[in-house]
Amino acid sequence: MSARLEINLRKIHHNAHILVQRLSVHGISVTGITKATLGSPAIAEVFQSAGVTMLGDSRIENIEKMKEANVSAPMSLIRSPMLSQINRIVEFADTSFNTELEIIKALSCAAKLVGRTHGIVLMVELGDLREGIMPCDVEAMVRSVIKLPNIEFKGIGANLACRNGVIPDDKNMAELSTLANSIDNTFGITMSIVSGGNSSNLEWVFRGSTTKGKESAARAGATKGTGRINNLRLGEAILLGRNPLDREPIKDLYTDGFNLVGEVIEFKFKPSKPWGEMAQAAFGTPPPIRNQGDIQQVLLAIGEQDTDTDGLTPSSGYEMLGASSDHIILNAKENSITIGDEISFGMNYSALLRSMTSPFVNKVMEE
């Protein structure tokens, strides 16, 4: 059997439901981000049944897949549209997140041709230096957008903690709220969406009293005011139950909704230290190797082509030694191993993303 990704739908539902309930106390809805699951219709339906109000994905191909599978939730393209995909975006996405007027004008033309109305959320740059309009330029952009036919201006959003790890905090979230109020007052509207960010925003939303001095607020579930922010886009927190700012578990959530399983194809006693003249390995310079003498070395039929091996945590009692394109190498220590045995791994967001994308990893849904 090929390597497989075991996906526990019950645990994903639990995580989504808990976060939807906790955020609803603050008047914040949840957009469930499906990109790490390759737009899985089954997981999209789990999100919906848990109370997620909208689905978001960065790839129109994933949105098409969910629409063709009759997933009924409103869908938003969360990466700025490509001009080459405008017609597909208008056909399949209800809303898109934008920063360029040229692209929004193209969306307007395409929507007009087919008699549709396309929703627009304008992304604001708040310091992480990925996508976003500079705050001083947003009102001028809104003025242009609201004049376009077949376009509905829905609101503004921001994204932090992705490129440079800038933390969502009182200052940058207050800036977004202030800008939202200013736009509403200037144009006599009430925006339906003020999307404060992603799973990294949970620390800010839930900050306050904690059960332990060192326990993060996201894990403790404490509360504070959130201004105009009324939506968050959650992927990692739902799927993996962790706070992306420190990757610590969020209180009451499952962190093992996904497990990667590989098959043993070699098991031998070998020296732990290589010999011979050294150069770069397949993926550059390997990390320093600790000489442990002879060990029980295990090779699994899964590697860098299938996942981010740096994002894997092997089952208890095994030590990760390295990886190549097609292999993971472990120290089995005291474990008894036979050829054909399977070993499972916990995974971080990067490992999950790449495993879902690999055609060589079977995806097995479990209730």
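Among the residues of this structure, residue 21 does not count as one that is outside the structural domain of residue 360 (by TED's automatic domain parsing), in contact with a Leu (Cβ under 8 Å, 6 or more places away or on another chain) and of a type in the set (S, T, N, Q).
From 223, 255, which residue is of a type in the set (Val, Ile, Thr), at pLDDT below 95 and surrounded by fewer than 20 Cβ atoms within 10 Å (Cβ to Cβ)?
That would be 223, the only listed residue that is of a type in the set (Val, Ile, Thr), at pLDDT below 95 and surrounded by fewer than 20 Cβ atoms within 10 Å (Cβ to Cβ).
Against the condition over 27 Å from residue 13 (Cβ atoms) and not assigned by TED's automatic domain parsing to the domain that holds residue 36, how does residue 290 come out, does it pass? I'd like the intermediate steps shown before the answer.
Numbers: over 27 Å from residue 13 (Cβ atoms): yes; not assigned by TED's automatic domain parsing to the domain that holds residue 36: yes.
Yes.
Mind listing just one residue for me: the one in region 1-25 that is outside any helix (DSSP H, G or I) and at pLDDT 95 or above and, of those, nearest to residue 353 (Cα to Cα)?
5
Every test in (1) farther than 26 Å from residue 11 by Cα; (2) touching a residue at least 24 places away in the same chain (Cβ under 8 Å) is passed by residue 255 save one, and that test is (1). Entry remark, region 12-47: residues being closer than 22 Å to residue 67 by Cβ and not aromatic (Phe, Trp, Tyr) number 21 in total. Taking every residue in region 14-39 that is free of Cβ contacts under 8 Å to residues at least 40 places away in the same chain and pairing it with any residue that is in a helix (DSSP H, G or I), at least 6 positions away or on another chain, the pairs with Cβ-Cβ distances below 6 Å are 39/62; 39/65; 39/66. Within the option set 20, 30, 25, being of a type outside the set (Gly, Ala, Ser) and buried (at least 23 other Cβ atoms within 10 Å of the Cβ) holds for one residue only, 30. Of the residues making up region 44-102, those that are of a type in the set (D, E, K, R), crowded, with 19+ Cβ neighbours inside 10 Å and in a loop (DSSP other than H, G, I, E, B) number 1.
Residues in region 325-334 include none that are surrounded by 13 or more Cβ atoms within 10 Å (Cβ to Cβ), at pLDDT 95 or above, at negative phi and hydroxyl-bearing (Ser, Thr, Tyr). Just one of (1) more than 28 Å from residue 250 (Cα to Cα); (2) hydroxyl-bearing (Ser, Thr, Tyr); (3) out of contact with any Lys or Arg (no Cβ under 9 Å at 6 or more places or on another chain) fails for residue 272. It is (3). Counting only strands (runs of 3 or more DSSP E) wholly contained in region 296-367, the ones carrying 2 or more residues that are over 22 Å from residue 254 (Cα atoms) and either among the aliphatic types (A, V, I, L, M) or assigned by TED's automatic domain parsing to the domain that holds residue 40 (or both) occupy 319-323, 328-331.
Among the residues making up region 111-121, those that are crowded, with 19+ Cβ neighbours inside 10 Å and either farther than 16 Å from residue 31 by Cα or modelled with pLDDT under 95 (or both) are 111, 118. Take region 175-220 and flag every residue that is touching a strand residue (DSSP E or B) at 6+ places or on another chain (Cβ under 8 Å), at pLDDT below 95 and among the aliphatic types (A, V, I, L, M). Listed by number, the list holds a single entry, 218. Within region 144-163, the set of residues being in a strand (DSSP E or B) and in contact (Cβ under 8 Å) with a residue 40 or more places away in the chain comprises 151, 154, 155, 157. Filtered by the rule that a residue be among the hydrophobic types (A, V, I, L, M, F, W, C) and at pLDDT below 95, region 276-301 gives 278, 279, 281, 282, 283, 289. Which of the residues that make up region 340-367 are over 27 Å from the mean Cα position of the chain (by Cα) and either crowded, with 20+ Cβ neighbours inside 10 Å or closer than 27 Å to residue 291 by Cβ (or both)? 341 - this is the single residue of region 340-367 that is over 27 Å from the mean Cα position of the chain (by Cα) and either crowded, with 20+ Cβ neighbours inside 10 Å or closer than 27 Å to residue 291 by Cβ (or both).
The values are calculated or read from the model by the stated rules, or taken from the named source; none is laboratory data. From a predicted model like this one, the values you see are computed outputs, not experimental measurements. Positions of Cβ are backbone-derived with ideal geometry, glycine not excepted, and every protein chain shown enters the neighbour counts.
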